[in-house]
Each structure stands twice: as C-alpha cells, then as structure tokens.
1. Note down the relative contact order for the chain as a percent, whole number, built from C-alpha pairs under 8 angstrom at least six residues apart.
2. Which ³J(HN,Hα) values, rounded to whole Hz and listed in residue order, are derived for the stretch 178-186 from phi using the Karplus coefficients 6.51, -1.76 and 1.60 in 6.51 cos²θ - 1.76 cosθ + 1.60 with θ = phi - 60°, glycine and proline given as x?
3. Among all lysine pairs in the chain that are eight or more places apart or on different chains, how many have alpha carbons less than 23 angstrom apart?
4. Can you list residues whose amide H is under 5 Å from Leu136's amide H, if they're 5+ apart or on another chain and H is modeled 1.01 Å from N?
5. Suppose every K and R has +1 on its Cβ and every D and E has -1 on its Cβ; what is the size of the dipole of the stretch 465-544 about the Cα centre, in Debye to the nearest 20?
6. Which entry in [x] 42; [y] 46; [z] 29 matches percent of Cα pairs over 42 Å apart derived from the coordinates of this structure?
7. Can you give me the relative contact order of the stretch 312-408 as a percent, contacts being Cα pairs under 8 Å and 6 or more apart?
8. Only counting other Cβ atoms within 10 Å, I'd like Val285, Val253 sorted with the fewest neighbours first.
Amino acid sequence: MPLDNLLPIIDDRSYDDIVSEIRNRIARYAPEWQPGDSAWTDVNDNDPGVTFAQVFAWLADMLLYRMNLVPQLNYIKFLQLLGIELQPASPASAEVTLPVLASCTQSVVTVPARVQLSADPGDGGPPLIFETVGSLKAFRAKLDQLLSAEGGGGYSDITSANDGVTGFQPFGAQAAKDAEFALGFVDSAALPSELLDLSISVQSDPQASGWYGCGDNITLPANLAWEYWNGTYWLPLNVLKDDSLAFTRSGHVTLKLPAGGITATAKLSGSSTDSTLRYWIRARVVSSQYLNPPSLLAIRTNSVAVQQAETISNEVLGGSDGSRNQTFQLGATPVVAGSLQLQIQQSSDGFDTWTEVTDFFGAGPNDMVYVLDRTAGTILCGDGINGAIPVAFIGNPGGNVVARVYQVGGGKRGNVAAGLIDTLTSPIDGIDSNGVGNLFAAYGGRDEETLDQAKKRAPLSLRSQDRAVSNSDFEYLATQAGNVARAKALPFFHPQFPGLQVPGTISVVIVPDTDDPAPQASDGLLRTVCSYLDARRLLATELFVLRPLYQLVQITGDVVAADDADLVALGVAIEQSLLDYFHPLIGGDQGDGWPFGGTIYYSRIYQRLLAIDGVTSITDLTIVLDGDAQAPCTDIPIQPHALLYSVQHAVLANYASEVTA
C-alpha cells in the first residue's frame with residue numbers, strides 16, 4: 001500500500017461542517033437565552049449568536065488548514081535531506097537549415113555559435129528564442145540532384161523524394177555490394193576545401209517501432225566508401241564523422257573536401273537531356289550486412305543544432321560584503337544547466353572564475369564554488385567552512401560579482417512544430433532569410449517538475465543510485481533523461497531479433513510527453529536517452545532505445561440513454577471517455593497509460609460505458625483493431641510491448657423509445 005494512503009489527516013472538517021456542528025449543539029450547551037429565559041430557537045444567519053459561531057468556525061478552519069499541512073511539510077523536509085529538489089524546466093532542441101543566397105559573393109558563409117532565431121508557437125504567447133549550439137560553415141553550393149544505382153545498373157533520379165515526407169532508399173531495394181548513392185551540387189565556383197556536413201534523417205518503418213543503438217559496441221551493418229568525381233576517376237574522401245552508422249539512424253556525416261576542389265561534370269545525370277554541370281560526391285557500398293535496406297526521409301546541407309535558449313552576457317549581480325552564505329540574484333530564469341559562468345573580483349589581480357556544485361558538503365573553506373537554483377536564478381555562496389566566502393573588494397564594492405554569461409529557457413512550449421523556427425532575429429550577410437526553417441519538430445522541452453512528481457521520483461532515485469542495473473533503474477533513468485513520460489524496459493530483447501532472447505541485451509521503450517494521440521519520440525530524443533543511459537549501464541550490457549509500437553483501436557456500437565439525458569452531451573462524454581481509456585499516457589484502468597502489450601478486455605469497456613451518467617444499457621458493441629472488426633464478446637490481445645491509441649469512436653446514444661421503435 002502506498003504510504004500516501006496512510007498520511008494522517010489531523011482534522012478533515014470544513015468551515016461548513018464546523019458551523020453545522022455548532023448549530024446542532026446549541027440546544028444542549030445553550031438551552032436558555034437571556035433576557036427572559038426563553039429558548040434559543042433562531043439559528044439562522046441573521047441571529048447575532050450564529051454570527052459569533054461563524055467567526056469561531058472561520059478561525060478554527062484556518063487553524064485546521066495549517067495543521068493539516070504539517071505532514072506535507074515533513075515530507076518536503078525529508079526530500080531536502082535526501083538532496084531531492086524540483087527539477088527545473090529543460091529547453092527544447094531542433095535542427096535548422098540556413099541556406100546561402102545564390103547571389104552571395106562567398107562560396108562559404110560562417111555562421112557563429114549563439115545566433116538567435118525566433119519561432120511563433122501559435123498559442124498567443126510571446127515568440128520563443130532559439131540559439132545555434134555551435135558554429136556552421138554554410139555552403140553556397142546547392143544540393144541539386146540525388147541519384148541511386150544498384151550494383152552495375154543505371155542511375156535513378158530520387159531528388160523529388162528528398163522532401164522529409166515521402167522517403168527514399170539511397171542504395172535501392174537490395175542495398176547490395178557496389179550500390180551507389182550520389183549527390184550532385186550546383187555552384188558558380190569549385191567547392192572549397194572545407195568540411196562538408198550532411199544531415200541524415202532516417203525514415204522509420206511505420207509497421208515497427210524505430211530503435212537506436214547505444215554505446216560504441218554497435219556493429220556497422222555496412223562499410224561505405226565516400227568518394228568524389230574529379231572528371232575522370234572516383235577518388236576517396238576523408239570521412240571525419242558518421243553519426244548515422246551507415247544510414248541506419250539519424251545523424252551527421254562530416255566529409256573533408258579535397259584541397260584541389262572538385263571538377264563540375266554532367267556525367268552522372270539520370271536524364272540524357274540534362275546538361276547541368278554538377279559537383280558529384282557519392283557513398284558506395286563496399287560490403288553489406290543490412291538486414292533491411294536503409295530508408296531516408298531527407299538529406300540536408302547547412303543544418304545546425306539549435307536550442308530554445310537565450311544568452312545573457314556580463315550581467316552585474318552586485319557586490320560582496322564578505323558575509324557568510326551570501327546570495328545573488330540572476331535577472332532571468334530558468335537557467336539552462338551548465339551555462340552559467342560566474343566571476344568574482346576579490347583583488348586588483350582581476351576576476352576569478354567560480355565553479356558550480358550541487359551542494360557544499362564536499363567543499364573546503366578555500367574552494368571557490370557556488371550552488372545555483374536554476375528555477376529561481378538564485379546563487380548561494382559558502383560560509384567559510386564549506387565553500388569560500390566571496391571577498392569584499394574595495395576597488396569595486398558594488399559590482400565585483402558578475403555573471404559573465406548564462407542562458408535561460410525551457411519548457412514544453414519549446415517543442416514547436418516543423419517549419420516554425422523560421423526567423424533570424426539578426427540577419428546574417430549571405431544567408432537566405434526566406435529559406436530558414438526546421439524540417440522536423442523540436443523535441444526535449446520539459447516543464448518544471450511538480451511536487452507530486454518529485455515525491456514519486458524520490459524512492460526510485462534512492463533505489464537506482466544513478467546506476468542502471470535492474471529493469472526499474474532503466475525505466476526511471478530514461479524518464480530523467482529528457483521529455484519522457486513513460487518507459488518500459490525489455491530484458492533480453494534485441495530489436496533486430498524480436499523472436500529471440502539475446503543474453504546481455506536490454507531495450508527501453510520510451511513514450512514522450514506530448515499532446516499527440518500516439519506520442520512518438522524524435523530521433524534527437526532517442527539519442528538523448530541513449531547517451532544518458534549509456535553512461536549509467538553496466539559495461540557488458542548491450543543497450544537499445546526504442547519508439548513504441550502503436551495499434552489503432554476504435555469502438556463502434558449503440559447505447560440506450562436515460563429519458564432525461566442530453567444526447568449531444570452524452571455523445572461527447574462517451575467519446576472522451578473512450579479516448580482517455582485507450583490513451584498511451586492517461587489511459588488504462590489506473591489512468592497512468594495503457595499497459596504495454598495489455599489485452600483489451602471486453603467487459604471493462606462495458607463497465608466504463610455503463611459508468612457514464614446517462615447510459616442505461618448497451619445494445620451493441622464492436623472492437624475494431626487496426627481496421628479489423630473483432631469477434632463480439634471476446635477479449636482482444638495486442639502485440640507484445642505495443643500500446644493502444646485512438647482518434648475517434650462511433651458509439652451512438654439513443655432513447656429507449658427510439659430503439660424499440
């Protein structure tokens with residue numbers, strides 16, 4: 001039994017209860033009324049004695065309210081003793097494409113880090129600010145044509161499928177040895193000797209849950225050779241990074257272009273009438289062990305990661321007075337983790353950089369450390385025993401404490417849809433402002449943790465000790481890595497061999513906290529959870545993070561409504577009740593999400609409908625799973641580890657007279 005059920009309520013009486021109790025006791029405790037020794041029979045609100053009773057009841061109600069907060073106060077203090085605080089809001093992330101104008105005089109435009117863009121989420125609130133996480137070398141050359149060729153065959157033009165929606169197979173349906181995927185670039189000058197970054201977006205199988213392998217022990221399913229055409233021969237390119245693991249997951253491929261440039265040619269054109277001169281780069285399959293041929297949604301150049309955050313620089317927080325436990329206040333919140341650089345001037349030698357710590361327990365008297373409350377923006381310094389005291393500097397008494405740089409931002413509001421991060425707040429010479437945009441939705445934004453969530457997290461945190469060993473450890477830590485509402489650990493489950501038990505393997509299914517009827521984790525969220533769990537798993541554990549597999553359910557049928565029921569309101573209540581019941585986050589019998597692989601019990605749907613006020617009986621009920629009507633009065637199993645979702649139902653309500661007629 002949860003301990004919450006045993007928390008004592010000191011007194012659950014309300015103001016109305018106390019007033020009613022006083023009125024009931026008047027006949028016993030005040031049988032006489034002065035003057036005239038007449039009985040006190042008027043206990044209405046207009047009686048002066050009742051007015052006194054109401055005042056005393058109001059005072060008692062306030063006292064009881066404060067006393068009933070004592071158990072919760074103790075619980076919060078215990079959480080603080082365990083070092084558990086409410087987790088601040090986390091910023092959303094996305095990838096934005098920054099195309100270069102064809103008229104730009106430079107073949108490469110350097111986009112520095114922390115360039116700001118804005119997005120209007122369409123909720124009536126202020127625009128959101130995003131910043132580039134790193135710098136970018138944006139090429140003027142345009143990716144103009146994509147060609148695919150299977151070993152020894154002719155080239156097929158797949159350019160039109162590079163739209164982020166349709167999808168295409170870069171190496172054809174077989175992805176066998178010597179298959180090619182060629183990229184043709186158009187520019188007015190030779191491609192410069194720079195780093196070319198290609199953003200690869202992999203298309204997941206709609207009939208299966210997408211997955212992401214974690215750690216360095218993932219075996220490449222193919223050996224790809226990247227090459228460029230010099231007008232006569234294919235010559236090798238230096239591959240500096242391949243996060244996509246041979247096009248099996250979304251990531252970036254970074255290529256070092258040759259010093260001598262690349263010669264333009266029309267050799268590879270898929271059309272005999274196409275005479276456009278292009279610069280060609282290709283990926284060739286040297287050896288293949290693909291279980292399934294890779295399928296891509298898009299490949300882009302000039303893409304850079306952005307974060308929903310705003311940088312603030314050189315903010316003076318005040319001056320130190322040399323006292324213990326000083327606090328300083330930042331001007332904006334919530335603060336992005338790891339972004340604050342605090343400097344304090346304690347002498348004429350200049351500013352010292354102080355280091356953020358989670359607490360002062362391990363700090364000595366001379367350690368220049370501080371504790372940051374990211375939600376409130378409060379900086380706490382030490383007491384001279386645990387953590388140094390900032391020295392008061394007479395040369396700058398009112399401004400020797402400076403936040404040299406920090407970032408603010410975070411919340412679910414930052415998870416904007418595709419195409420909304422489309423405005424450069426400050427134009428950059430050479431960048432086409434009209435072409436800026438994010439091809440896919442932002443991910444990872446999370447609101448500040450609530451007290452109830454922290455109370456649920458506390459025992460799991462103590463049990464896991466920030467190490468992933470048991471199933472519950474993986475599930476708990478996955479929800480701490482990002483905007484993950486639910487997680488399910490599957491021991492011995494390998495996504496490439498779903499019918500076998502593979503020792504030493506564990507897969508974690510994650511369900512993000514979104515408003516979609518079937519929430520799907522983005523590639524970025526899969527990578528984030530992978531990285532977080534990979535640092536905490538046992539060394540010999542092979543780890544995978546999966547998207548959930550969803551099955552669509554619809555309920556059709558007829559119910560009989562009570563004679564006084566509003567059919568329109570009843571229909572809305574039935575529809576909402578069924579949508580909630582099959583929801584992956586709030587569904588199921590417990591209201592905490594449909595259970596993974598949970599069977600649909602026919603009788604429980606009956607119980608749920610009959611519990612709706614206004615429904616008297618059910619005349620017909622059919623369960624439709626993935627478009628197939630199931631046998632009546634039958635429990636319906638779903639696929640292992642799958643979840644249910646629904647978008648609409650077709651249960652009609654009519655009065656009994658209309659049904660019999």
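Quick note: the coordinates plus some simple rules give every number you see, no bench work behind them. Just so we're clear, the structure is a prediction, and the values are computed from it rather than from any experiment. All Cβ positions, even for glycine, are placed from backbone atoms using ideal geometry, and neighbour counts span all protein chains on display.
1. Computed value for the chain: 13 percent relative contact order.
2. Values, residue by residue: 6, 5, 10, 9, 10, 10, x, 10, 10 Hz.
3. 16
4. Val111
5. Details: 6 positive and 9 negative charges, 48 e Å.
Value, rounded to 20: 220 debye.
6. Step by step, percent of Cα pairs over 42 Å apart for this structure corresponds to label [y].
7. So the answer I get is 46 percent.
8. Numbers: Val285 25, Val253 21.
The most exposed by this proxy come first: Val253, Val285.
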